[in-house]
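Asker: Structure in structure tokens, see below.
No value in this document is a laboratory result; all are computed from the given coordinates. Not measured: the values here are computed from a predicted model. With ideal geometry, Cβ positions are generated from the backbone for all residues, glycine too; neighbour counts draw on all protein chains shown.
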Amino acid sequence: ETWLAGGPIHGVYWLPALDVEPAIEDLTLEEWRELNRIRVKNLYATTRTLYDSIAGPGAFLLAATRLGGMHGYGPDAATAPLGGSVTGFTKSYNVEQGMRETGKGVLVKAVDFAAGRKTADPADQLIAETLFDPGIVEVGYVDGQRFTVTLTEQPARDGQPGMTLDGDTVFVVTGAAGGITSAIVTDLAVASKGVFYLLDLVDSPPRNDPNILLFRGDKDGLKRKLIDEAKARGERPTPVMIDKQIMAIERSEAALRAVESVEAAGGTANYHSVNLMDGAAVAAIVDEIRERYGKIDVLLHAGGLLIDRTLPDKQPEQFALVFDVKADGFFSLIKAAKGMPIGATVAFSSVAGRFGNNGQSDYAAANDLLCKLSSSMRSWRPETRAIAIDWTAWGEIGMASRGSVPTIMAALGIDMLPPEAGVPTIRRELTYGGTRGEILVAGRLGAWLEEKDATGGLDTAKVNAMLAERDTPLVMLGEVKTAGLYQGLIAEVELDPTVQPFLFDHKVETDLPWLPGVMGSEGMAEAASLLAPGYRVAEILDQRNLGALKFHRSEPKTVRLTVKLFAGDNGDLLGEALLQSIFQPPKPELPPQVKDHFAATVRLTQAEPEQPVVDFTPPADDELPITREEVYADFFHGPAYQVIAKKRWRATRPWRA
């Protein structure tokens with residue numbers, strides 16, 4: 001405020017998350033809270049104060065972290081995980097700015113660095129990030145390369161052994177009185193018949209509570225009963241008052257349902273009413289588990305709450321409450337369990353933590369902190385499978401299933417998560433394989449996947465000018481269209497069999513050229529190498545032929561190449577590439593037809609190629625009696641592919657060239 005009195009402030013570089021962090025398990029709860037105050041709560045206070053000052057093009061927020069350069073998603077664990085709260089907050093700040101008129105054009109980024117980088121390097125890169133590429137929010141630097149965070153589909157069955165859930169399995173579940181959590185507990189109880197410690201702020205529900213019985217069988221009758229009771233007390237019942245009471249009863253019912261489902265399945269239920277921000281109370285429960293069982297097999301942290309407010313309307317105590325319940329609760333559980341085996345932790349995150357969300361800066365900050373803590377546990381609890389799940393909005397159960405939320409989600413092109421798809425997720429991820437890290441559970445994500453910039457922040461004019469000036473043309477690339485966060489690099493080229501010899505000389509039938517597989521390989525290699533200057537194509541792996549690309553009547557076709565690069569082993573990069581054709585039907589109102597033809601993984605490396613050594617003695621001419629003309633008399637290949645000069649027959653093999 002003092003600085004604002006001297007004139008407007010247009011940008012913020014937020015650097016506290018660059019600081020070295022102590023070991024998580026060595027912190028006290030007070031130290032933990034102070035570190036979070038410095039990193040994210042002060043960021044909240046700063047951006048709230050500067051809310052009107054940071055507006056319009058030219059304004060910016062750049063927050064720096066030391067998660068390792070890949071935001072904790074690379075081969076190494078996150079190195080300073082408390083920076084996750086800063087990243088989560090920053091993503092929500094980006095969404096919030098984009099949804100207000102004066103916020104459009106504000107540049108928002110979370111820039112991650114490797115541990116041990118010199119101060120000058122982050123400073124230079126932060127300035128560079130301020131000046132270019134408005135297409136991404138999350139960006140990181142490691143080993144001279146620049147990375148961002150995207151999504152990729154992976155199977156739950158990853159070939160690794162999963163966890164066995166049985167009667168000896170000990171579960172600890174926070175937020176057990178939530179409707180979604182209660183349903184998940186039921187699923188796990190039926191599968192395991194295990195021991196469940198169910199934790200929630202809600203008091204232990206009595207078995208024969210008349211309000212719970214009415215809630216289960218006659219909700220209208222319950223509402224009438226609550227109205228009559230309010231009138232009997234001399235109060236004037238309002239819809240808000242009655243709805244608040246019903247929500248409290250609903251949580252008690254969910255808590256009781258969780259207990260009953262565990263017992264009905266043959267398991268053991270231990271319910272504890274506890275405030276997750278009370279570290280001593282949480283520790284006492286963990287100590288009981290340590291004494292009785294000596295282990296926790298599954299720690300499921302689902303506790304949390306929402307208070308949706310944009311920054312000007314979000315009071316400090318509201319931000320602290322939403323953040324602390326999730327953050328302090330997880331910390332206190334892990335701290336209390338120090339030295340005790342934990343098979344797996346499952347932290348409930350959300351799409352707010354992954355993408356950011358309007359009015360949920362506190363919730364997003366806490367969720368992304370849990371994601372980064374889960375990543376970091378690979379280094380300080382390697383025996384524990386730490387999982388974080390980014391849930392989309394649930395349908396049918398949970399608060400998001402009520403009111404106008406489903407309508408809003410449908411308008412945004414976002415699918416609500418059906419319970420039959422969401423409830424088994426925890427069991428699947430625990431038992432199908434060796435899942436670790438962050439996963440997103442959702443259907444269509446609609447607006448969440450909209451690109452921040454039309455070309456992904458890429459100056460396509462400069463890139464295409466560079467391609468046009470090459471001495472050796474990249475014939476399969478044509479024109480680069482975009483380099484989007486979720487789409488990847490997209491290039492399109494028109495291939496004309498009357499112009500390109502590799503098509504003209506590859507007519508499988510009369511007047512029907514096919515794109516040869518080798519040119520599919522070439523195109524995918526060209527696209528991948530364009531994204532990684534200084535790298536070379538080492539090999540093309542797992543090339544799949546998804547359908548022949550035919551040029552009927554030798555007419556031109558548009559070919560699209562798409563590639564996304566990911567970090568590989570030993571500093572290599574892996575490009576997931578796809579070659580498609582695009583056909584516009586004669587009727588312009590019809591959408592283009594897009595077909596897949598080739599897919600492959602392109603491995604790129606900076607390593608020098610090994611020089612091959614071939615032990616070969618050319619045969620004498622009289623040993624190769626079959627001429628070139630005779631060879632190709634039986635093949636369709638034209639001159640561009642006629643590379644065999646002579647051949648001979650051998651007894652053990654058909655022929656050798």
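Asker: Among 383, 522, 494, rank each residue by its count of other Cβ atoms within 10 Å, from fewest to most, as a rough exposure measure.
Answerer: Arranged by neighbour count, lowest to highest, 383, 522, 494 become 383, 494, 522.
Asker: List the residues of the range 181-206 whose backbone N lies under 14 Å from a point placed 7 Å from the Cα of residue 317 along the Cα-to-Cβ direction.
Answerer: No residue qualifies, since no backbone N sits under 14 Å from the label point.
Asker: Another question, if that's okay. In the range 539-619, which GluC sites (Glu not before Pro) are in a loop and have at most 16 other Cβ atoms within 10 Å, using DSSP for the loop call?
Answerer: Taking the range 539-619 and a limit of 16 other Cβ atoms within 10 Å, the loop GluC sites (Glu not before Pro) found are 589, 610.
Asker: Can you tell me which lysines have their Cα less than 18 Å from the Cα of residue 104? Leave out same-chain residues fewer than eight positions away.
Answerer: 91, 452
Asker: What ranking, highest mean first, results for peptides 628-638, 321-331 when packing means the other Cβ atoms within 10 Å averaged over each residue?
Answerer: On the way: 628-638: 12.3, 321-331: 23.8.
So the peptides 628-638, 321-331, ranked by packing, come out 321-331, 628-638.
Asker: Only counting other Cβ atoms within 10 Å, I'd like 151, 199 sorted with the fewest neighbours first.
Answerer: 151, 199
Asker: When we measure straight from the Cα of residue 326, which aspartates and glutamates land under 16 angstrom away, once same-chain ones fewer than 8 places off are left out?
Answerer: Within the straight-line cut-off, residue 326 pairs with 30, 34, 200, 278, 308, 317, 362, 368, 390.
Asker: Here's another thing I want to ask about it. With label points built 7 Å along Cα→Cβ from the Cα atoms of residue 499 and residue 462, find their separation and express it in nm.
Answerer: The modelled label-to-label distance comes out at 2.7 nm.
Asker: Also: Please identify every one of the chymotrypsin sites (Phe, Trp or Tyr not before Pro) in the range 103-160 that sits in a loop by DSSP and has no more than 15 other beta carbons within 10 Å of its own beta carbon.
Answerer: Passing sites in the range 103-160 are 132.
Asker: By the scheme Lys and Arg +1, Asp and Glu -1, what is the net charge of all other residues having a beta-carbon under 15 Å from that of residue 54?
Answerer: Charge balance near residue 54 sits at 0.
Asker: Restricting to DSSP H runs of at least four residues, report the calculated mean residue ellipticity at 222 nm for the chain, -39500 (n - 2.57) per run over all residues, nearest 500 deg cm²/dmol.
Answerer: Helix contribution divided over all residues of the chain: -10000 deg cm²/dmol.
Asker: Using amide H atoms built in the peptide plane, which far-off residues or other-chain residues are under 5 Å from residue 138 H to H?
Answerer: Those lying under 5 Å, H to H, from residue 138 are 110, 149.
Asker: If you don't mind, another one. Would you mind checking which residues have amide H under 5 Å from residue 347's amide H? H placed 1.01 Å from N; only 5 or more apart, or other chain.
Answerer: Amide H neighbours of residue 347, under 5 Å, 5+ apart: 301, 387, 388, 389.
Asker: Classify the range 223-334 as rounded, prolate or oblate, taking a ≥ b ≥ c as the square roots of the eigenvalues of its Cα gyration tensor: rounded when a/c is under 1.5, otherwise prolate if a/b is larger than b/c and oblate if not. Could the numbers behind the result be given before it?
Answerer: Working: a/c = 2.77, a/b = 1.35, b/c = 2.04.
Verdict is oblate for the range 223-334.
Asker: For every other residue with a beta carbon closer than 15 angstrom to the beta carbon of residue 639, add +1 if it is Lys or Arg and -1 if Asp or Glu, then tell me the sum.
Answerer: Within the 15 Å Cβ shell, the charges total 0.
Asker: Still on this structure, I have one more. So for 185, 643, 170, fewest C-beta neighbours within 10 Å to most, what's the order?
Answerer: 643, 170, 185
Asker: Among 534, 552, 573, pick out the residue whose Cα is farthest towards the positive end of the charge dipole of the range 460-605, where Lys and Arg carry +1 and Asp and Glu carry -1 on C-beta, about the Cα centre.
Answerer: 552
Asker: Suppose R0 equals 41 Å. What FRET efficiency, 1/(1 + (r/R0)^6) with r the Cβ-Cβ distance, do residue 608 and residue 407 give to the nearest 0.05?
Answerer: Result of the calculation: an efficiency of 0.10.
Asker: Among all helices in the chain defined by DSSP H, which have a length of 24 Å or more along the axis from Cα atoms plus a Kyte-Doolittle mean of at least -1.0? Intermediate results must be reported in sequence, preceding the final value.
Answerer: On the way: long enough: 239-264 (36 Å, 0.22); 316-336 (28 Å, 0.60); 361-380 (28 Å, -0.20).
Qualifying helices: 239-264, 316-336, 361-380.
Asker: List the residues whose amide H sits under 5 Å from the amide H of residue 60, counting only those 5 or more places along or on another chain, with H placed 1.01 Å from N in the peptide plane.
Answerer: Residues meeting the criterion, in which the H sits 1.01 Å from N, are 11, 12, 107.
Asker: From the backbone phi of the range 599-614, what are the Karplus-calculated ³J(HN,Hα) couplings (6.51 cos²θ - 1.76 cosθ + 1.60, θ = phi - 60°) in whole Hz, Gly and Pro given as x?
Answerer: For the range 599-614, the Karplus curve yields 9, 6, 10, 9, 8, 10, 9, 9, 5, 5, x, 7, 7, x, 10, 10 Hz.
Asker: Starting from the Cα gyration tensor of the chain, multiply each eigenvalue by 5, take the square root, and state the resulting semi-axes largest first in whole Å.
Answerer: The three semi-axes for the chain are 54, 30, 26 Å.
Asker: Local charge sum around residue 440 (other residues, Cβ-Cβ under 9 Å, Lys/Arg +1, Asp/Glu -1)? Please report the intermediate quantities before stating the final value.
Answerer: Numbers: positive: 354; negative: 390, 438.
Its environment carries a net charge of -1.
Asker: For the pairs 314/335; 41/372; 41/564, flag any whose C-alpha to C-alpha distance is greater than 24 Å.
Answerer: Table pairs above 24 Å Cα-Cα are 314/335; 41/564.
Asker: Kindly provide log₁₀ I(q)/I(0) values, in the same order as q = 0.17 Å⁻¹, from the Debye equation applied to equal alpha-carbon scatterers of the range 526-656.
Answerer: Debye intensities relative to I(0), on a log10 scale: -1.04.
Asker: Also, quick follow-up: So, in nm, how far is label residue 143 from label residue 310 when the simple model puts each one 7 Å beyond its Cα toward the Cβ?
Answerer: It works out to 4.4 nm between the two label points.
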